[in-house]
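Working notes for the structure below.
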2 protein chains.
Amino acid sequence: MVELLGLVAFGELLAFERMARDAALAPDLRRRAMLGEMAAVEVDGYQRVAARLAEHGVDPQAAMVPYVRPVEEYHDATEPKDWLEALTKVYVGDGIADDFLAEVAALLDPADGDLVRQVLHDGRYAAFAEAELRAAIEADPKVANRLSMWARRLVGETLSHAQRVAAERASLTELIVAGAGRDDGVQKLFQRLTTAHSARMNALDLNN
Amino acid sequence: MVELLGLVAFGELLAFERMARDAALAPDLRRRAMLGEMAAVEVDGYQRVAARLAEHGVDPQAAMVPYVRPVEEYHDATEPKDWLEALTKVYVGDGIADDFLAEVAALLDPADGDLVRQVLHDGRYAAFAEAELRAAIEADPKVANRLSMWARRLVGETLSHAQRVAAERASLTELIVAGAGRDDGVQKLFQRLTTAHSARMNALDLNN
């Protein structure tokens, strides 16, 4: 449990820092502020999870340290070059992260599970990213190709960094494997995540 | 009034972005998260001020646009190179900004004035920065010299960018001059800001 909350806490903290940085890519102040607001929500999530760790008698910093390198490397490998790449990263990354967290929330005791469900991203931010991306693709259909490839790269980096975390953090992996069901449980969990991701890509016609 | 709220709104938005960036300079995750929390508070302030502008029938983006260049140039000219410079910037910059805003809040109608007072920085963040700086100076007194020069540079950049804004935005300057009192009112206002800044520097023995 500590393993998972440490990952969630640092994931939120770094998502905040990178979204704040990406805000400068926005084409105008309204959009720039919107990404700032989305980033600030991550800090709120971080604070809740860190407070819960402290309630459990765990130093939040100690719980987060193991995840610093893989999460930073994920973000370094997926640094958006422009506003649409930044929004795609939010849309794809937050979508997968939320689906994954909703799955593991079910494996935690009710109080911790509720907390994890509370820090899932507000749907209005996904709706904002989706609407922005849809408008950009309609204005210039060539954009879809580029973002489709970018989205695949995001998923690839997410998987490879998640695998590294899974390999290094046996107790975290154990929690997920035990919860998902030992036989094909993990495989099914990945199928559910993949299906949901595909649905998001289809919604924007990014699955060609 | 719109001039002032536009400046406050964009000031908060950019303070957020730069503090989020500076968080990566922190020596550990606890301090990194603390700067993240401080940054997120700026977004909250931005949202309140932007909402007030909208209530007044003003597009927040239009009200902020004139301040993008001077505020960005101020931050570009004062980009901290390490954690202690980042904290000094928070301590010095937020201090001056809050003193200035408290002065102009008195010039606005009561509702807008209350709003500006609400977005002043929470004292616990200044206390955090002050305690961090004091500990660093006690551990290595040579640090005081370096930070003292850095603080002077911050004040110099703040003044020169503020003068540029004042020269370019006649109606903002008019509001302040009219409120402060036409004769030596502005001079006295600057004296009050300078005195308060000196007191903060003295608290850390940074006035040598």
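Any read-out appearing in this document is the output of simple, stated calculations on the displayed coordinates, not a laboratory observation. Predicted, not measured: the structure shown is a model, and the values here were computed from it. Heads up, the Cβs are rebuilt from the backbone with ideal geometry, glycines too, and the neighbour counts pull from every protein chain shown.
The alpha carbon centroids of segment A:121-144 and segment B:137-208 are separated by 44 Å. Largest GNM mean-square fluctuation among A:Leu29, A:Leu107, A:Leu115, using chain A with Cα springs under 10 Å: A:Leu29.
In order along segment A:97-109, the Karplus-derived 3J(HN,Hα) couplings, from 6.51 cos²θ - 1.76 cosθ + 1.60 at θ = phi - 60°, round to 4, 5, 4, 5, 5, 4, 5, 6, 4, 5, 8, 8, 5 Hz, and Gly and Pro are given as x.
For segment B:27-67 and segment A:8-68, what is the separation of their C-alpha centers, rounded to whole Å? First find each Cα centre; the distance between them is then 16 Å. Fraction of C-alpha pairs exceeding 32 angstrom in the protein assembly as shown: 43 percent, rounded to a whole number. Relative contact order of chain A, taken over Cα pairs closer than 8 Å and 6 or more residues apart, is 24 percent. Here the Karplus curve 6.51 cos²θ - 1.76 cosθ + 1.60, taken at θ = phi - 60°, turns the phi angles of segment A:160-167 into couplings of 5, 6, 5, 5, 5, 4, 4, 5 Hz, with x standing for Gly and Pro.
Within the set B:Lys89/B:Lys188; B:Lys142/B:Lys188; A:Lys81/B:Lys142, which residue pairs have Cα atoms separated by over 31 Å? It would help to have the intermediate numbers written out before the result.
Working: B:Lys89/B:Lys188 24 Å; B:Lys142/B:Lys188 34 Å; A:Lys81/B:Lys142 41 Å.
Exceeds cut-off: B:Lys142/B:Lys188; A:Lys81/B:Lys142.
Taking every Cα-Cα distance in segment B:31-136 and sorting them into 10 Å bins starting at zero, the pair-distance distribution P(r) comes out as 13, 40, 35, 12, 1 percent. What the pair-distance distribution of chain A shows, using all Cα-Cα distances binned every 10 Å from zero, is 8, 35, 37, 17, 3, 0 percent. Shielding by partners for peptide B:59-71, expressed as the average number of C-beta atoms from other protein chains within 10 Å of each residue's C-beta, is 2. Each copy carries a label point for B:Ala170 at 7 Å from Cα toward Cβ; from one copy, the others' points are 7.5 nm away, ordered from shortest. Okay, which of segment A:6-36 sit inside 17 Å, backbone N to the point 7 Å along the Cα-Cβ direction of B:Ala54? Flagged as within label range: A:28-36. For the options B:Glu85, B:Glu157, B:Glu55, a Gaussian network treatment of chain B with springs between C-alpha atoms closer than 10 Å singles out B:Glu55 as fluctuating the most.
The charge dipole of chain A, taken about its Cα centre with unit charges on the Cβ atoms of Lys, Arg (+1), Asp and Glu (-1) only, comes to about 500 debye. Across segment A:71-82, computed HN-Hα scalar couplings (Karplus, 6.51 cos²θ - 1.76 cosθ + 1.60, θ = phi - 60°) run 5, 5, 5, 4, 5, 5, 7, 10, 6, x, 9, 8 Hz from first to last residue, x flagging Gly and Pro.
Ranked from shortest, the separations from the 7 Å Cα-to-Cβ label point of A:Gln187 to its equivalents in the other copies are 8.5 nm.
Ascending distances from the B:Ala106 label point to its copies in the other chains, with the point 7 Å along the Cα-to-beta-carbon line: 6.1 nm.
Note on chain B: with a GNM built from Cα contacts shorter than 10 Å, the maximum mean-square fluctuation among B:Ala151, B:Ala23, B:Ala62 falls on B:Ala62. Could you tell me which of B:Ala136, B:Ser160, B:Ala62 has its Cα farthest along the dipole of chain B towards the positive end, charges placed at Cβ (Lys, Arg +1; Asp, Glu -1), taken about the Cα centre? Sorting the options by dipole projection puts first B:Ala136.
For A:Ala167 and A:Asp44 in the same chain, what is the full-extension length gain: residue separation times 0.36 nm, less their Cα-Cα distance, in nm? Please list the in-between numbers first.
Details: separation 123, 0.36 × 123 = 44.28 nm, distance 2.92 nm.
Contour length minus Cα-Cα distance gives 41.4 nm.
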